[in-house]
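Every number here is computed from the coordinates shown, using simple stated rules; none is lab data. Small disclaimer: the values here were computed from a predicted structure and weren't measured. Cβ coordinates were reconstructed from backbone atoms using ideal geometry, including for glycine residues, and neighbour counts include every protein chain displayed.
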Amino acid sequence: MLKLDPYLNFDGTCEEAFNFYRSVFGGEFKGGIMRMKDVEGMDVPQAFKDRVMHVSLPVGNDLLMGSDTIPGMGNPFQAGNNNYISITADSREEADRLFNGLSAGGEIEMPMEDMFWGDYFGSLKDRFGVMWMISSPSGQQMM
């Protein structure tokens, strides 16, 4: 079974935005707020170490997820390109199938690989300009 969740990026205002969303939807952040400085070995300029690496807020049966961007790393932040659709697949094979299908004719942002938080993960922009995150849980999960 696939699960789709929205994933939002911000330019340093993720925590403020998610506190606002929490005031509207209620609930608590799943796993708290992970900051850039919390990731061992991540080379982030000092000025950005307190930015949000990941946050997720349960909304009904779904998750609203988000993070801050770091200038100079990845796609530059621009209002309008800060939305992803996150798909959680049941297996690595299904994650690879979805990633390969969606990336055909598009741009790979991050190839599928094992991540420090325990998931098999990749991201891309499809040929229509839609941003996607594909993951398959394995072991400890942050989301």
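If you take all other residues with their beta carbon under 15 Å from the beta carbon of Lys3, and give Lys and Arg +1 and Asp and Glu -1, the sum is -4. Of the residues Ile70, Ser135, Phe99, the one whose Cα sits farthest towards the positive end of the charge dipole of region 3-136 is Ile70 (charges of +1 on Lys and Arg Cβ, -1 on Asp and Glu Cβ, taken about the Cα centre). Residue exposure proxy: Arg22, Arg35, Arg97, ordered by other Cβ atoms within 10 angstrom of their Cβ from fewest to most, comes out as Arg97, Arg22, Arg35. For region 43-55, the Karplus equation 6.51 cos²θ - 1.76 cosθ + 1.60, evaluated at θ = phi - 60°, returns couplings of 8, 10, x, 3, 5, 10, 5, 8, 5, 7, 7, 6, 8 Hz by residue, with Gly and Pro reported as x. Charge dipole of region 1-75 (Cα centre as origin; +1 on each Lys and Arg Cβ, -1 on each Asp and Glu Cβ, all else neutral): 100 debye, rounded to the nearest 20. When the P(r) of the chain is calculated, the portion above 18 Å amounts to 57% of the C-alpha pairs.
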